[in-house]
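The block underneath contains the structure these notes are about, expressed in structure tokens.
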Amino acid sequence: MRGNYAVLGLGSFGSKLALELSNAGNNVVVVDRDKEQINALKDKVSEAIIADVSNPDVIKELDIKKFDATIIAMSSHFEDLILALTLLKQEGAGKVIVKTNTSIQKRILLRLGADEVIQPDQDVAERLSKRLSMTNITDMFEFKGSYIAEVNVPDSMDGKTIRELDLRNRFNIIVLLIKKPGKHIETVWNPDIELAKGDQLTVIGQEKAIIDVFKK
């Protein structure tokens, strides 16, 4: 099912997001007051509009209610960003996601009604820090209130089965996939499969539980 999205602001983040959404088969409308930015994307998205989204008339003409989500990606102009967010909410926009640069701005935007505020640089830095700091956790990301992580089997689990470890009952961690060295990734159906050091697992659970169990 195709989604409908509006991307307001075409810096490097907004342009990349608009292209990815469009390439995934979605209807994407982009808006920016920079003619060059619009021209660069006009043939790659559903509609490209040269306009100032801090102008109330522009927001009204966009028929903003029709979009599944509106992404404001103009974080270098914080005053305009606040005005655009306010106008969007006044016009009945559904989900509004805002890109910003600082934690202070994030708190302000959430108070003003943003449904979600992202800080791309900080988010990437946090994920990298976690990955570098936790030897056996190679990647971890949030998924619908839980976390999915790729982990290496630690020494403490070497030679034990998933049934013996009882991760689901003890820590509410579910092992989804396993990859043994030199083999393909497999879905874990058999709880009696024996783990070995060098195996890679994909697990789902709460962030703290995953870190406590697999960090060493």
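The values are calculated or read from the model by the stated rules, or taken from the named source; none is laboratory data. Just so it is clear, the model here is predicted, and its values are computed rather than measured. FYI the Cβ positions are ideal-geometry reconstructions off the backbone, even for glycines, and counts take in every protein chain you see. Heads up: the accessible areas ignore ligands, DNA and RNA and are worked out on the full protein's heavy atoms, side chains in. Shrake-Rupley method; radii C 1.70, N 1.55, O 1.52, S 1.80 Å.
Before moving on, here are some points about what is shown:
- Members of segment 1-39 found to be farther than 17 Å from I97 by Cβ and either within 19 Å of the chain's Cα centre (by Cα) or open to solvent by 10 Å² or more (accessible area, probe 1.4 Å) (or both), listed by number: M1, R2, N23, G25, R33, D34, K35, E36, Q37, N39
- T70 passes every criterion in (1) closer than 15 Å to Y5 by Cβ; (2) in a loop (DSSP other than H, G, I, E, B); (3) touching a strand residue (DSSP E or B) at 6+ places or on another chain (Cβ under 7 Å) apart from (2).
- Some residue of segment 148-155 being among the charged types (D, E, K, R) and surrounded by 13 or more Cβ atoms within 10 Å (Cβ to Cβ): yes
- Scanning segment 135-161 for residues that are assigned to a loop (DSSP other than H, G, I, E, B) and closer than 20 Å to D192 by Cα yields V153, P154, D158, G159, K160.
- Figure legend. Inter-residue proximity from segment 47-64: first residues on the phi > 0 side of the Ramachandran plot, second residues in a helix (DSSP H, G or I) and of a type in the set (F, W, Y), beta-carbon distance below 7 Å, spacing 6+ or different chains. No pairs are indicated.
- If you check V45, V98 for being in contact with a helix residue (DSSP H, G or I) (Cβ under 6 Å, 6 or more places away or on another chain), part of a strand (DSSP E or B) and not small (G, A, S), only one passes: V98.
- Meets criteria (of a type in the set (D, E) and closer than 19 Å to L21 by Cα) for D68: yes
- Candidate set from segment 101-137 (those that are in contact with a helix residue (DSSP H, G or I) (Cβ under 6 Å, 6 or more places away or on another chain) and β-branched (V, I, T)); member that is modelled with the highest pLDDT: V117
- Positions within segment 40-75 being more than 17 Å from G113 (Cα to Cα), surrounded by 18 or more Cβ atoms within 10 Å (Cβ to Cβ) and among the small types (G, A, S), in sequence order: A48
- Test: E164 is among the acidic types (D, E) and either outside any strand (DSSP E or B) or open to solvent by less than 40 Å² (accessible area, probe 1.4 Å) (or both): yes
Condition check ((1) of a type in the set (F, W, Y); (2) outside any loop (DSSP other than H, G, I, E, B); (3) surrounded by fewer than 15 Cβ atoms within 10 Å (Cβ to Cβ)) across all residues:
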{"position": "N169", "(1), (2), (3)": "no, yes, yes"}
{"position": "P191", "(1), (2), (3)": "no, no, yes"}
{"position": "L201", "(1), (2), (3)": "no, yes, no"}
{"position": "I204", "(1), (2), (3)": "no, yes, no"}
{"position": "K208", "(1), (2), (3)": "no, yes, yes"}
{"position": "I211", "(1), (2), (3)": "no, yes, no"}
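- Selection of first residues in segment 88-112 that are free of Cβ contacts under 8 Å to residues at least 24 places away in the same chain and of second residues that are open to solvent by less than 60 Å² (accessible area, probe 1.4 Å) and assigned to a strand (DSSP E or B), restricted to Cβ pairs under 9 Å at least 6 apart or on distinct chains, gives the following pairs, ordered by first then second residue: K106/V98; K106/V117; K106/I118; R107/V117; L110/V98; L110/V117.
- Checked against the criterion of being under 23 Å from the mean Cα position of the chain (by Cα), within 17 Å of N23 (Cβ to Cβ) and not hydroxyl-bearing (S, T, Y), segment 42-59 contains one or more residues that satisfy it.
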